[in-house]
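Participant: Let me begin by handing over the structure; questions about it come next.
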Amino acid sequence: MKPLDPRLLHRARAARLYVLLTAGLGILTAALVIAQALLLAAVLAPVVTGTARWDDVAPTVALLAAVVAVRALVSGAQERFAHRSATRATAELREQVVAHAVALGPRWLAREEGVGVATLATRGLDALEPYFVRYLPQLLLAVTVTPGALAVVLGLDWVAAATIAATIPLVPLFMVLIGRLTQGYAERRMTVMARLGHQVLDLLAGLPTLQTLGRERGPAARVRELGDAHRVATMGTLRVAFLSGMVLELLTTLSVALVAVGVGFRLVGGTLDLQTGLAVLVLAPEVYLPLRQVGAHFHASADGVAAAEQAFTLLETPAPGHGTRPAPDLRRTTVVLRDVCVAAPDRDVLAPAHLDLELAPGTTVALAGANGAGKSTAVSVLLGLLPPTDGTVTLVPAGTSEAAEAAEADRPDAPGEPGGPDGGALALADVDPATLWAQVAWVPQRPVLEPGTLRDAVAHGRTVGDEALGRAAQATGLDAVLAGLPQGWDTRIGQGGVGLSLGQRQRVALSRALVADAQLVVLDEPTAHLDADGEAVVLRTLAALAAQGRTVLLVAHRPALLACADTVVTVVAEPRGLDAAPDAPTVSEGVRP
Amino acid sequence: MSPRPARDVLRRDDPLRRAVALLEVDRRRVLLAVLAGTAGLGSAVGLAAVSAWLIARASQMPPVMYLTIAAVSVRALGISRGVLRYVERLVSHDVALRGMATLRVRLYERLAAGDAGALVALRRGDLLARVGADVDSVGDVVVRGLLPVGVAATLGVGSVVLVGAFLPEAGLALALCLLLAGVVAPWWSVRATREAETRSAQARADMAATTLTLLDGAGELAVAGRTGQMLGHLRRADRDLADASDRAARPAAVSAALLPLAIGLAVLAALVLGIPATTAGRLAPVELAVVVLTPLAAFEAVSMLPAAGVQLLRSRQAARRITELLDAAGGEPSPAGGPVPRGGRGQAAGAPGTPEVDERPAADGARDAGPARPGAAAGTLVARGLACGWPGRAPVLRDLDLTVGPGRSVAIVGPSGVGKTTLLLTLAGVLPPVAGEVRAGGDPVHALTRSAAARRVALTTEDAHVFDTTLLENLRVGRGDVTPEEAAATLDAVGLRAWLDALPDGLETVLGADATRVSGGERRRVLLARALLGPAPVLLLDEPTEHVDAGAARVMTGLLDGSLTGGRGVVVVTHRVTGLEAADEVILLDRTGSVRARGRHRDLLGVDPDGVEDSDVRAAYRSAWTAQEQES
Ligand SMILES: Nc1ncnc2c1ncn2[C@@H]1O[C@H](COP(=O)(O)OP(=O)(O)OP(=O)(O)O)[C@@H](O)[C@H]1O
Ligand SMILES: Nc1ncnc2c1ncn2[C@@H]1O[C@H](COP(=O)(O)OP(=O)(O)OP(=O)(O)O)[C@@H](O)[C@H]1O
Ligand SMILES: [Mg+2]
Ligand SMILES: [Mg+2]
């Protein structure tokens, strides 16, 4: 764990300026500290020895007062900018972490590390504040005040300087040692903290379930256990960190005492005058003070450093690369999946396995197949959210010979390839996904509904007029639901749509997709949870979409839904390793009712 | 100390007081920490005073013997300062961490005993902030808020007395400077923070909520083209935070400048007062050094106070958010500190993800209906004249009679939003009936404790939660002592054999929070397996075959004819016609929430000539399936 990670300066611009400023203030502080000590000694010594009276020292006291005033200003300036830079730098890192985690995709987010990102990005990075506000300034003072004051002591009394110089190297040595010792602890603590955060959240999300099963009281033990694990991990860090603080403190106090006693005896021996002695006495602790403070703030900052470390690791995880070419107009483009396989993480299956699919503009294609066959996964691949383990996804201009174009697109680097909207086929991997998504509306199998009003849920961040909302509601049967709600669009729903029945939630999700008015509509089991009426409305809407020339991709189990597809593609999973070609035809022609 | 929080804390209903009571801090440890802290910093002051005396006295070249005592005590004080500080920091942090752990448990217990519905109104990020950072912030109030105040007050008085003993006016000056650093400076910083905090509280909540929204719905947001927009939200929330801290920075800077100013003033005052006194002979020259140099150390304790004031303020605001959550959930506090479940004391059950500690007498005991009333049919669920609905809304369902028991299955069908799920929640005793009654094993189900009710009738809702733990532990949520063999057999029965076989870790596979690592149909089947493994003799299942593939008919038939459930009573809500032939009774609800028709599936369809005579009913029943007719 480096005290000042260059990556931090690289990633957070606010940190760079701040370090410069703090370094400048550090040099100023060093000068002031030294001046204050020398002036104090110059005032005290003659009075103590009885050689001066108030009038003799009054000008020096005035100078001292000026130094005090400037020191106060410097402290104020330091504080003025510390918090601000801390918040800015944290914000910069947070945004990068969240954006990168999102870019790593849903499958990565479902993994252990992915789940921890929430805590890292919120509480974890907030721990950078003590690092910036308390630790970093002291670190910089340690390289300004400490050598400066030491140099002055050397000029005043080389014996005292030698005493200090002999003990000083022990301080960084100890700190490195302690850094080594606590490193593992701080990292583990971060992990434990992330686990504590997301598991308690998980338990709270599951509280209604636990209550229906009468098991809501048991997990208190789990919460206790997580809290204890957190305490043990933290105390582990703290014990070492505080011990290190104590050793440093003892070391410094003892050497200050050593200096003081030495000075005292040399005063007695008459080899040193009082003014020098006092100056050394006041300066000696100042030499050590920043080092001690670094030790004292070490544990508070260790969290921030560990969080930053995790953030950098995350930022260095390569995200699947995105293409840059604009997506062609989907009204004139066929999406072709060839031999697509996705290996399920940690499972011995390919789901889907060897999937071939052609989604021509204006057609309705349904994906059917057993649970876990990979239908929803195939949708993710087609949308460019998940790179396939094997196989290709290409965007082929309608009317060209698909097979030939798809084959060409397999060699994306071939020179002179026309590619793009008016040219030949384009590999999905080369396309800027945002330009594709702008033409897509998607209802996932379990859509996310956040607390808010129904209007928020359906508009989904877009500015949509009441008329467009109304039209979408009509197409899904949500209008009938709204008619029964006294507050209409302003009805509030809870996390996951609580407050509505399941069928009503499904209608909200469908309306949200239809508001988008997109060319390609992807619906993952759109009639799940719907009653006969709701299903009939959706079937009618599907027919209307087809009539408007939209392209529709459905995932369906129910025969009624399958029947409205032009083509039904059966998705199959396959044990990994056993690379048997599927001998059953996977495409069957359906007839539009 | 900062005047406002300090004054408010004295009020009994202050959120901070309420929350701190939940920390259950060990007072002896706190006292130990205060003593160690005071003694430790006291050593520092002593050290400064003695070494100043030492040097000044030495300059008078006395016999060395006079100095040795001082030299020894300098070393002793140096050591005791380090050691005592170590003890103080260790003890106080231990107190804080224990408090946080306890508060988190109490918070969970209260929420568990209360209405979980209160939680869904919060965005997940906000909830995460409350159970995480806010709890820690309240826990920190002892170490970072109260402890420094105690230590600084004791030490401040001590140093003033010490200096005052030599030169009373210097003592007075020191006292004034200490007040400047210890009261005025914290007042400024609290003022700064209060302003920032009220502005930033909203921004902080937004930041956390937006972060979680982005992470939870990553794919959906990306395709909807909203990732950039949400990142913009995040940036805006962070900018608000930065603005707030900027606004606070000016007063905070004043506060930060006040400390060195106060130290400097104390030294200057000592000089200005001490030098003439020395010249006048009222103060020995050696004592002048002590009077001037001691203040340098005396401010160490006081220097923590601005941060302490800020901590008190932050803790108080965190406490307010936590108590708001508690009040919304309405879990009643009990004198013992533990929650009182509705209707009395229930039995603790094991947690997901933990080795099971089950207090129930035995597995066999757990399987029966629990202590049913003598004479009442165990394992039956009877509803009479039942009306149900949500508090504060008009009842949705009325006048329902229903009986299930061993070997009897009932299917409920009807239009969306008519109250089927609400009915199941009422039958399970989660919602109180609006009218009529529900008896399980002879007792009114809503009056039973949650765990007792759940041993007689178990409900699996469609949005039931899959926990972020292993498959086996997820199955054990319903019954703690499920063996791996039982689990494997039940998974086989619900059609997950092939899936289970493909899992390298088998039953130990972690499913991911809210089932993020399984497919929709797999999730549904796992929930079904969990329900089947439960101990209750009556099962209530909401849409158990939604998202299930072509095997749905088999599953539904198995549930209704008893082959999957082992002959337990079953109530199923469904929108699908498949498998309904196997139900002993189908209840068709109409739009108004009353029973339109009931009977066997074939009778309602009008296949059986002795069945339903009313052709309207037949038409209504058929129309529930028109779109799906090809399915049957
Ligand atoms: N938590 C809640 N608070 C208040 N009202 C609710 C809540 N949940 C559902 N409702 C309302 O109660 C009514 C009945 O809902 P319920 O979920 O019981 O319907 P349902 O028959 O199960 O419908 P579906 O077939 O769509 O699941 C609906 O109008 C719904 O909006
Ligand atoms: N994040 C993940 N980690 C591990 N395995 C996963 C993950 N997501 C999906 N899987 C597995 O990949 C397979 C395909 O899942 P997918 O959701 O595509 O199925 P599906 O065909 O949509 O099924 P359903 O009809 O049940 O919705 C399943 O076996 C599932 O368990
Ligand atoms: Mg799916
Ligand atoms: Mg329902």
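The values are calculated or read from the model by the stated rules, or taken from the named source; none is laboratory data. All values derive from a computational prediction rather than experimental measurement. Please note: Cβ atoms are built from the backbone with ideal geometry, for glycine as well, and neighbour counts cover all protein chains shown. Note: areas computed on protein heavy atoms with side chains; ligands, DNA, RNA excluded. Shrake-Rupley method; radii C 1.70, N 1.55, O 1.52, S 1.80 Å.
Participant: Output the residues belonging to segment B:511-553 that are farther than 19 Å from B:Gly566 by Cβ, away from ligand 3 (no atom under 16 Å from the Cβ), more than 7 Å from chain A (Cβ to nearest Cβ) and surrounded by 21 or more Cβ atoms within 10 Å (Cβ to Cβ).
Facilitator: Result: B:Asp542, single match.
Participant: So which residues in segment A:143-162 are of a type in the set (A, V, I, L, M) and open to solvent by 20 Å² or more (accessible area, probe 1.4 Å), if there are any at all?
Facilitator: Those that are of a type in the set (A, V, I, L, M) and open to solvent by 20 Å² or more (accessible area, probe 1.4 Å): A:Val143, A:Leu150, A:Ala151, A:Val152, A:Leu154, A:Leu156, A:Val159, A:Ala162.
Participant: Name the one entry in A:Val448, A:Val481 that is β-branched (Val, Ile, Thr) and buried (at least 21 other Cβ atoms within 10 Å of the Cβ).
Facilitator: Checking each option against the conditions leaves just A:Val481.
Participant: Identify the single condition in (1) at pLDDT below 80; (2) over 30 Å from B:Glu508 (Cα atoms); (3) surrounded by 17 or more Cβ atoms within 10 Å (Cβ to Cβ); (4) not assigned by TED's automatic domain parsing to the domain that holds B:Ala153 that B:Gly375 does not satisfy, given that it satisfies every other one.
Facilitator: So B:Gly375 meets the others, but not (3).
Participant: Oh, and also: Please go through segment A:428-444 and give me each residue that is outside any helix (DSSP H, G or I) and either of a type in the set (Ser, Thr, Tyr) or surrounded by fewer than 17 Cβ atoms within 10 Å (Cβ to Cβ) (or both), ordered by number.
Facilitator: A:Asp432
Participant: Determine which member of the set B:Asp443, B:Asp401 is over 15 Å from B:Leu539 (Cβ atoms) and without any contact (Cβ under 8 Å) to a residue 24 or more places away in the chain.
Facilitator: B:Asp401
Participant: Looking only at segment B:584-605, decide whether some residue is without any contact (Cβ under 8 Å) to a residue 60 or more places away in the chain, of a type outside the set (A, V, I, L, M, F, W, C) and within 16 Å of ligand 4 (Cβ to nearest atom).
Facilitator: Within segment B:584-605, none of the residues are without any contact (Cβ under 8 Å) to a residue 60 or more places away in the chain, of a type outside the set (A, V, I, L, M, F, W, C) and within 16 Å of ligand 4 (Cβ to nearest atom).
Participant: Specify the residue that is least open to solvent (accessible area, probe 1.4 Å); the eligible residues are those in segment B:10-64 that are within 23 Å of the chain's Cα centre (by Cα) and within 14 Å of chain A (Cβ to nearest Cβ).
Facilitator: Among those that are within 23 Å of the chain's Cα centre (by Cα) and within 14 Å of chain A (Cβ to nearest Cβ), it is B:Leu23.
Participant: Kindly establish whether A:Ala62 is over 30 Å from B:Gly217 (Cβ atoms), open to solvent by 10 Å² or more (accessible area, probe 1.4 Å) and more than 8 Å from chain B (Cβ to nearest Cβ).
Facilitator: Yes, satisfied.
Participant: Oh, and also: Assess whether A:Ala165 counts as being out of contact with any strand residue (DSSP E or B) (no Cβ under 9 Å at 6 or more places or on another chain) and open to solvent by less than 30 Å² (accessible area, probe 1.4 Å).
Facilitator: Criteria not met by A:Ala165.
Conditions tested, residue by residue: (1) within 29 Å of A:Ala300 (Cβ to Cβ); (2) facing chain A (nearest Cβ under 8 Å).
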position	(1), (2)
B:Gln229	no, yes
B:Arg239	yes, yes
B:Ala256	yes, yes
B:Arg282	no, no
B:Ala289	no, yes
B:Thr294	yes, no
B:Val302	yes, no
B:Gln311	yes, no
B:Arg316	yes, no
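Participant: Output yes when any residue across segment A:284-302 is within 16 Å of ligand 2 (Cβ to nearest atom), within 13 Å of chain B (Cβ to nearest Cβ), open to solvent by 10 Å² or more (accessible area, probe 1.4 Å) and among the aliphatic types (A, V, I, L, M), and no when none is.
Facilitator: Taking every residue of segment A:284-302 in turn, none turns out to be within 16 Å of ligand 2 (Cβ to nearest atom), within 13 Å of chain B (Cβ to nearest Cβ), open to solvent by 10 Å² or more (accessible area, probe 1.4 Å) and among the aliphatic types (A, V, I, L, M).
Participant: Can you tell me which residue within segment A:546-558, out of those that are open to solvent by 10 Å² or more (accessible area, probe 1.4 Å) and more than 13 Å from ligand 2 (Cβ to nearest atom), is farthest from B:Val418 (Cα to Cα)?
Facilitator: Checked segment A:546-558; the qualifying residue farthest from B:Val418 (Cα to Cα) is A:Gly549.
Participant: Scan segment A:518-530 for residues that are within 16 Å of ligand 1 (Cβ to nearest atom) and open to solvent by less than 10 Å² (accessible area, probe 1.4 Å) and jot them down.
Facilitator: Matches in segment A:518-530: A:Pro526, A:Thr527, A:Ala528, A:Leu530.
Participant: Let me ask you something else. Can you name the residue in segment A:312-371 that is of a type in the set (Ser, Thr, Tyr) and surrounded by fewer than 19 Cβ atoms within 10 Å (Cβ to Cβ) and, of all such residues, is farthest from A:Val568 (Cα to Cα)?
Facilitator: A:Thr313
Participant: Could you list, ordered by first residue, the pairs with Cβ atoms under 6 Å in which the first is in segment A:568-580 and more than 11 Å from every other protein chain (Cβ to nearest Cβ) and the second is at pLDDT 85 or above and within 16 Å of ligand 4 (Cβ to nearest atom), at least 6 apart or interchain?
Facilitator: Hits for this filter: zero, empty list.
Participant: Let me ask something else. Report, by residue number, each residue of segment B:65-81 that is free of Cβ contacts under 8 Å to residues at least 12 places away in the same chain and at the interface with another protein chain (Cβ under 7 Å from one of its Cβ atoms).
Facilitator: B:Arg75, B:Ile79
Participant: Based on what the data block shows, is B:Arg554 modelled with pLDDT of 90 or more and away from ligand 4 (no atom under 16 Å from the Cβ)?
Facilitator: It is false that B:Arg554 is modelled with pLDDT of 90 or more and away from ligand 4 (no atom under 16 Å from the Cβ).
Participant: Only one of these is under 18 Å from A:Pro130 (Cβ atoms), assigned by TED's automatic domain parsing to the domain that holds B:Arg57 and surrounded by 23 or more Cβ atoms within 10 Å (Cβ to Cβ): B:Ala297, B:Ala318, B:Ala270. Name it.
Facilitator: Sole residue among the options that is under 18 Å from A:Pro130 (Cβ atoms), assigned by TED's automatic domain parsing to the domain that holds B:Arg57 and surrounded by 23 or more Cβ atoms within 10 Å (Cβ to Cβ): B:Ala318.
Participant: Still on this structure: How many residues, within segment A:178-217, are of a type outside the set (Asp, Glu), facing chain B (nearest Cβ under 7 Å) and farther than 24 Å from A:Leu449 by Cα?
Facilitator: 4
Participant: So which strands (runs of 3 or more DSSP E) stay within segment A:322-373 end to end and still have 3 or more residues that are touching a residue at least 12 places away in the same chain (Cβ under 8 Å) and within 30 Å of the chain's Cα centre (by Cα)?
Facilitator: Qualifying strands (runs of 3 or more DSSP E): none found.
Participant: Take residues that are under 21 Å from B:Leu127 (Cβ atoms) and tell me which of the helices (runs of 4 or more DSSP H) falling wholly in segment A:445-510 contain 2 or more.
Facilitator: It comes to A:454-459.
Participant: With the requirement that a residue be assigned to a helix (DSSP H, G or I), within 7 Å of another protein chain (Cβ to nearest Cβ) and either open to solvent by less than 30 Å² (accessible area, probe 1.4 Å) or under 26 Å from B:Ala253 (Cα atoms) (or both), what does segment A:79-112 give you?
Facilitator: A:Glu79, A:Arg80, A:His83, A:Arg84, A:Thr87, A:Arg88, A:Ala91, A:Arg94, A:Val98, A:Ala101, A:Val102, A:Leu109 - these are the residues of segment A:79-112 that are assigned to a helix (DSSP H, G or I), within 7 Å of another protein chain (Cβ to nearest Cβ) and either open to solvent by less than 30 Å² (accessible area, probe 1.4 Å) or under 26 Å from B:Ala253 (Cα atoms) (or both).
Participant: Residues to consider are B:Val466, B:Val445; find the one that is within 16 Å of ligand 2 (Cβ to nearest atom) and either open to solvent by less than 10 Å² (accessible area, probe 1.4 Å) or not acidic (Asp, Glu) (or both).
Facilitator: Just one listed residue meets the conditions, B:Val466.
Participant: Further question on the same structure: In this structure, does B:Arg618 turn out to be buried (at least 20 other Cβ atoms within 10 Å of the Cβ) and either out of contact with any Phe, Trp or Tyr (no Cβ under 9 Å at 6 or more places or on another chain) or closer than 20 Å to A:Glu535 by Cβ (or both)?
Facilitator: no
Participant: Let me ask another. Here are some residues: B:Glu462, B:Glu473. Which one is within 24 Å of B:Val510 (Cα to Cα) and either away from chain A (no Cβ under 13 Å) or assigned to a loop (DSSP other than H, G, I, E, B) (or both)?
Facilitator: Just one listed residue meets the conditions, B:Glu462.
Participant: Search segment B:418-434 for residues that are within 16 Å of ligand 3 (Cβ to nearest atom) and pair each with any residue that is of a type outside the set (Phe, Trp, Tyr) and outside any loop (DSSP other than H, G, I, E, B) when their beta-carbon atoms are under 9 Å apart and the residues are at least 6 apart or on different chains.
Facilitator: none
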